[in-house]
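> Input: one structure, supplied below.
The values are calculated or read from the model by the stated rules, or taken from the named source; none is laboratory data. Note that the structure is a prediction, hence the values are computed from the model and not measured. In this analysis, Cβ positions are derived from the backbone assuming ideal geometry, glycine residues included, and neighbour counts consider all displayed protein chains. To get the accessible areas, we keep the full protein, side chains included, count just its heavy atoms, and leave off ligands, DNA and RNA. Shrake-Rupley method; radii C 1.70, N 1.55, O 1.52, S 1.80 Å.
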Amino acid sequence: MAPSPLREPQESAPGPQDQLELALTGAFGWTQFRPGQRAVIEAMLAGRDCLAVLPTGAGKSLCYQLPALVREGLVLVISPLVALMQDQVEQLQRRGIAAACLHRGLGSGERMALLRRIRERRLRLLYLAPERLRVESTRQLLDDLLSDGGLVGLAVDEAHCISAWGHDFRPDYRRLGELRRLCPGVPLVALSATAAPQVRADIIRLLQLRRPLVQVRSAQRRNLSYSMRLRPADPLPEVLEALERCRGAALIYARTRRSVEQWAAQLNRAGVEAIPYHAGMDPESRQLALTHFQSQPRPVLVATVAFGMGVDRPDVGLVLHLDLPASPEGYLQESGRAGRDGQPAECVVLFDPADRVSLGWAIRAAGQAPTPGGAGTIDPDRQRLELAQRQLRRMEAVAEGEGCREQALLLAVGELVPPCGRCDRCLAQEADPRSRRDWSPWVQVLLERLQERGGRDLRGLAEELAARPGPPRGDEARWAWLARRLVQDALLGESDDGAQRLHLRDPGRRYLQQPWPLRWWLP
């Protein structure tokens, strides 16, 4: 039987390197570290701050869990979701590792018992939501731990949430810079699955990391194949076909709680046992859904995109989105929940151009805040709104673009890779390299009309062009698609207010003076 991670060292205590290997094997059952893990763990044990950007499935949590086992003290982990914290704590407890989470759902008796365990040094990992740092009792707890040397490490999970440039910005994460002031001598590790260079710079600056080790591993997952296509009027046959191909668990993502419920019911009527999961369900129902997903051999779970963070199910064979994802960075994390066992897995997006409109309005509604910038200042809420709209357009460009899906997604996080050869675009080009069409005549007409009329909203422009006499002909959907492609290729600009108002940009004006071939597939 493996020794307990909390057992007192014997007279012939192993060296630090041996301790790491013993804890890795004894507590987690692994025989070797995954790429990037050891360097972060050793740096944290040496008292150095770290930024670890490791892809989904690369074992980020081990980077702070293992140091907690080989040091005499507590590692405090900041995590964004109570469900995520509880799931990780349950996994650790099943391994015999003393872990707990402190959240407002605990009763007074549970909270007192937990604080007693902390004071008696019977805990190795304590999980907190970021908003808990605003609570005076939490600050007092930190002071007590520091005064007796009981706090040996800090970890900020999903650290991209601190940056307005990140795909999942959370205001409470901005306050985590206080950790350095509250715990000045404690090593801090920040972790994320994806973080573009600007996001990484924000994390280092806002968390006040001191000369950190920066460990960035490629987000490329060679066992995943991406496909993105227009969502048909009735997507059910395509969804059922994808589920039939799926080798293990399946995750189906819908944008709203109502869609989650409707799709779960629709799949059950079609003979597929599908379980819904979203934040509006009561805790018991959510726990039952999570247990079902983790224990059944081939579960199908329909959820909003928050589901899956930290959930340890390695054999997910399908991640299917029923709407356009909100950003390439977010989609990399969500699709990365597939194939964590290294086996081939499929990532499918069924989208409609209208998804970006509805998502854009939702982003705009969520970004409304009564904090306008004063004279000569920039409103940070307005900046985040514009950034979210740009990220959404980048995701649309990936979905409707010509090139390799994986290449476009990784470019969004600052990584340049060759075409993957596995996605639907690569396979289509290999099957028929001449299948693209020259859209130059349509582009000329569209840009000339926009130049004549000035700024126009996309829908009105498409209606007008579809009704005009003479060649080239096209229906409204095709003209709208063409206008979106021109926005993606920077010949047109688009307003950030969700109204899709178009205007000519300098490349569009140059195109009118000297056209060049524009060869695209029609999706």
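> Can you send over the carbon and sulfur percentage of the accessible area for segment 395-511, probe radius 1.4 Å, protein chains only? Before the final figure, lay out each step's value.
On the way: 2610 of 5360 Å².
Accessible surface attributable to carbon and sulfur in segment 395-511 totals 49 percent.
> Output needed: percent of Cα pairs per 10 Å distance bin for segment 20-109, bins running from 0 to the one holding the longest distance.
Calculated over all Cα pairs of segment 20-109, the distribution is 14, 47, 32, 6, 0 percent.
> For Arg456, which sequence-distant residues (separation of 5 or more, or a different chain) have an amide H within less than 5 Å of its own amide H, given hydrogens modelled in the peptide plane?
Those qualifying (amide H under 5 Å, at least 5 residues apart or on another chain) are Leu502.
> For segment 213-319, give the percent of accessible area contributed by carbon and sulfur heavy atoms, probe 1.4 Å, rounded to a whole number. Write down the numbers at each step before the final one.
Numbers: 2560 of 5110 Å².
On segment 213-319, the fraction of accessible area on carbon and sulfur atoms equals 50 percent.
> How large is the convex hull of the C-alpha atoms of segment 210-278 per residue, in Å³?
177 Å³
> So what is the accessible area of the chain per residue, in Å², with the probe set to 1.4 Å?
Result: 45 Å² of accessible area for each residue.
> Sort segment 119-161 into rounded, prolate or oblate with this rule: let a ≥ b ≥ c be the square roots of the eigenvalues of the Cα gyration tensor; rounded if a/c is under 1.5, and if a/c is not under 1.5, prolate when a/b is larger than b/c, oblate otherwise.
Verdict is oblate for segment 119-161.
> Using the Karplus curve 6.51 cos²θ - 1.76 cosθ + 1.60 with θ = phi - 60°, what ³J(HN,Hα) values do you get for each residue of segment 96-106, in whole Hz, with x for Gly and Pro?
In residue order, the calculated couplings are x, 9, 6, 9, 7, 10, 10, 8, 5, x, 6 Hz.
> Which percent, nearest 5, of DSSP beta bridges in the chain are antiparallel? Display every interim value, and only then the final one.
Numbers: 7 of 55 bridges.
If I count the DSSP bridges inside the chain, around 15 percent turn out antiparallel.
> Let me ask something else. Carbon and sulfur: what percent of segment 19-157's accessible surface (1.4 Å probe)?
49 percent
> Calculate how steeply helix 440-453 sits against the longest principal axis of the alpha-carbon atoms of the chain, using the helix alpha-carbon long axis, and give the answer as 0 to 90 degrees to the nearest 10.
That works out to roughly 90 degrees.
> Ok, one more. First check a/c for segment 108-190, with a ≥ b ≥ c the square roots of the eigenvalues of its C-alpha gyration tensor; if it is under 1.5, answer rounded, and if not, answer prolate when a/b is larger than b/c or oblate otherwise.
On the way: a/c = 2.13, a/b = 1.66, b/c = 1.28.
Cα axes put segment 108-190 in the prolate bin.
> Would segment 416-523 count as rounded, prolate or oblate if I go by the C-alpha gyration tensor, calling it rounded below 1.5 in a/c and otherwise prolate when a/b exceeds b/c, oblate otherwise?
prolate
> Any chance you could give the angle, 0 to 90 degrees and rounded to 10, that helix 136-147 forms with the longest Cα principal axis of the chain?
In the chain, helix 136-147 runs at an angle near 50 degrees to the longest axis.
> Would you mind checking the tilt of helix 236-245 against the longest principal axis of the Cα atoms of the chain, expressed as 0 to 90 degrees and rounded to 10?
Once rounded, the angle reads 50 degrees.
> For Ala274, what residues show an amide H to amide H distance below 5 Å, using hydrogens built from the backbone and excluding near sequence neighbours?
Amide H to amide H, under 5 Å and 5 or more residues apart or across chains, Ala274 pairs with Asn268.
> Okay, next question. Sort 47-56, 452-461 by the packing proxy (mean of other Cβ within 10 Å over each peptide's residues), most packed first. It would help to have the intermediate numbers written out before the result.
Values: 47-56: 22.1, 452-461: 14.6.
Going by the mean number of other Cβ atoms within 10 Å, highest first, we get 47-56, 452-461.
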